[in-house]
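Trainee: Below is one structure. I have some questions about it.
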Amino acid sequence: MNIETRILEPGQIEAPAGQIRFLILPGHNLFKSRAERFRHLSPGHPLGEYLAFLALLADAQQKALNTFPVLALPDADEQAICREHGMPLLAARSWSRDPVWRDGLTTILQQMRDAVLPPTAQETIAGLQLVNVSGLEEMADRILAEDLAGISPQELPFVAAALQVYWVRMAAGLGEGAFGRLEQGGVCPVCGSLPHAGIVFNSGAEQGLRYLCCSLCASQWHMVRIKCSSCESTHGINHYTLEGSDSAVKAESCDDCDTYLKLLYLEKDRQMETMADDLATLALDMLMDNEGKSRGGPNLFYHPGAAL
Ligand SMILES: [Zn+2]
Ligand SMILES: [Zn+2]
């Protein structure tokens, strides 16, 4: 593993905060692009079968998103109150979920049931199709609270996928102006979840800027570089890369709180997609675990108890 010490000061190469777009909401083809990236990464990859499975799951998410019914969303008054108080408008842990999120899960499970999958995945799908409403709601509560007790690594991606579709649908249904900045820079301004990774753009108005990527709603929000997303320390920040990699993905670690977050540098590979490339670089997570560092935010498809 290679370790680099910091070479930039926070904000050193960035425009003043007021001129920077602070929030980028997910697009309507998010899951289609994600599926394509999973498919691109899968051949010859040590986790190829897993990535190919996730490509199918992303296809199913796109189908669920495309067929999602119109949702009731917070009105202008609610939006203004949240902006004024610096609260996430669609807070994952306190939001009253519309039952239609489970229709999205039904669509995903039906779509996946028709795919060519290993018998264990088919058994998981059949099992989830039998779980009653309260069981599914409890699983959702646990996933959103990052308490995965009682949820198997096999079940997690399906239920998390449906929750992602629901939150992406809500986020995309509101404009960026609906949301305000939060005091805590490392938390999603849309849903209050933690980021699963960060991305450094290589072109356009966002060139050279770092955005954090929400693990749930896929919104991206600006945070200056060389700053820990967990504790906001700017000291003791180091970057780790896999030996022999092209350094397109680095783990940015913090000595103050011993967490890390992966950063994807689009200048090294413009085709990267945050979820897909995060999951394709789980080897880096294993190395960081050996270094005694833990992830600064979850990837909802990855169960920490799963054997790879
Ligand atoms: Zn979010
Ligand atoms: Zn920290």
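The values are calculated or read from the model by the stated rules, or taken from the named source; none is laboratory data. Because the structure is predicted, anything quoted here is derived from the model rather than measured. Please note: Cβ atoms are built from the backbone with ideal geometry, for glycine as well, and neighbour counts cover all protein chains shown.
Trainee: Can you find even one residue in the stretch 196-203 that is hydroxyl-bearing (Ser, Thr, Tyr), more than 23 Å from ALA58 (Cα to Cα) and within 14 Å of ligand 2 (Cβ to nearest atom)? So that I can check it myself, show each step before the final result.
Mentor: Within the stretch 196-203, the subset hydroxyl-bearing (Ser, Thr, Tyr) is 203.
When the remaining residues are screened for being more than 23 Å from ALA58 (Cα to Cα), the result is 203.
Checking the rest, the ones that are also within 14 Å of ligand 2 (Cβ to nearest atom) come to none.
Among the residues of the stretch 196-203, not one is hydroxyl-bearing (Ser, Thr, Tyr), more than 23 Å from ALA58 (Cα to Cα) and within 14 Å of ligand 2 (Cβ to nearest atom), which makes the answer no.
Trainee: A further question on this structure: HIS235 versus (1) more than 14 Å from ligand 2 (Cβ to nearest atom); (2) surrounded by fewer than 23 Cβ atoms within 10 Å (Cβ to Cβ); (3) farther than 26 Å from ALA306 by Cβ: which is the lone unmet condition?
Mentor: (1)
Trainee: Here's another thing I want to ask about it. Residues of the stretch 103-127 being touching a helix residue (DSSP H, G or I) at 6+ places or on another chain (Cβ under 6 Å) and of a type outside the set (S, T, N, Q), which ones? Steps first, answer last, please.
Mentor: Taking the stretch 103-127 as the starting set, the residues that turn out to be touching a helix residue (DSSP H, G or I) at 6+ places or on another chain (Cβ under 6 Å) are 104-105, 107-109, 111-113, 115, 125.
If the condition is that a residue be touching a helix residue (DSSP H, G or I) at 6+ places or on another chain (Cβ under 6 Å) and of a type outside the set (S, T, N, Q), then GLY104, LEU105, ILE108, LEU109, MET112, ARG113, ALA115, ILE125 are the ones that fit.
Trainee: What pairs can you find where one residue is in the stretch 163-180 and crowded, with 21+ Cβ neighbours inside 10 Å, the other is β-branched (Val, Ile, Thr), and their Cβ atoms are less than 7 Å apart, with a gap of 6+ or different chains?
Mentor: LEU163/ILE143; ALA171/VAL190; PHE179/VAL190
Trainee: Which members of the stretch 50-69 meet the condition of being free of Cβ contacts under 8 Å to residues at least 40 places away in the same chain and over 16 Å from the mean Cα position of the chain (by Cα)?
Mentor: ALA52, ASN66, PRO69, listed by residue number.
Trainee: Does the stretch 220-278 hold any residues that are of a type in the set (A, V, I, L, M), within 16 Å of ligand 1 (Cβ to nearest atom) and in a loop (DSSP other than H, G, I, E, B), and which are they? Steps first, answer last, please.
Mentor: First, pick out the residues of the stretch 220-278 that are of a type in the set (A, V, I, L, M): 223-224, 226, 237, 242, 248-249, 251, 261, 263-264, 266, 272, 275-276.
Right, trim to within 16 Å of ligand 1 (Cβ to nearest atom) and you get 223, 261, 275.
If the condition is that a residue be of a type in the set (A, V, I, L, M), within 16 Å of ligand 1 (Cβ to nearest atom) and in a loop (DSSP other than H, G, I, E, B), then MET223 is the only one that fits.
Trainee: Checking ALA248 against (1) without any contact (Cβ under 8 Å) to a residue 40 or more places away in the chain; (2) more than 16 Å from ligand 2 (Cβ to nearest atom); (3) crowded, with 24+ Cβ neighbours inside 10 Å, only one condition comes out false. Which one?
Mentor: Of (1) without any contact (Cβ under 8 Å) to a residue 40 or more places away in the chain; (2) more than 16 Å from ligand 2 (Cβ to nearest atom); (3) crowded, with 24+ Cβ neighbours inside 10 Å, only one is false for ALA248: (3).
Trainee: From LEU287, LEU261, which residue is under 22 Å from PRO46 (Cβ atoms) and of a type in the set (A, V, I, L, M)? Steps first, answer last, please.
Mentor: Numbers: LEU261 fails: under 22 Å from PRO46 (Cβ atoms).
Just one listed residue meets the conditions, LEU287.
Trainee: Related question: Quick one: in the stretch 194-219, which of the residues that are surrounded by fewer than 24 Cβ atoms within 10 Å (Cβ to Cβ) and either in the same structural domain as LEU163 (by TED's automatic domain parsing) or among the hydrophobic types (A, V, I, L, M, F, W, C) (or both) is farthest from ligand 1 (Cβ to nearest atom)?
Mentor: ALA205
Trainee: Residues to consider are LEU284, LEU300; find the one that is over 20 Å from GLN184 (Cα atoms) and within 16 Å of ligand 1 (Cβ to nearest atom). Don't jump to the end; show me each part of the working.
Mentor: On the way: LEU284 fails: within 16 Å of ligand 1 (Cβ to nearest atom).
Just a single option satisfies the conditions, and that option is LEU300.
Trainee: Which of the following residues is touching a helix residue (DSSP H, G or I) at 6+ places or on another chain (Cβ under 9 Å), among the aliphatic types (A, V, I, L, M) and not in a loop (DSSP other than H, G, I, E, B): ALA162, ALA149? Show your work before the answer.
Mentor: Values: ALA149 fails: not in a loop (DSSP other than H, G, I, E, B).
None of the other options fit; the residue is ALA162.
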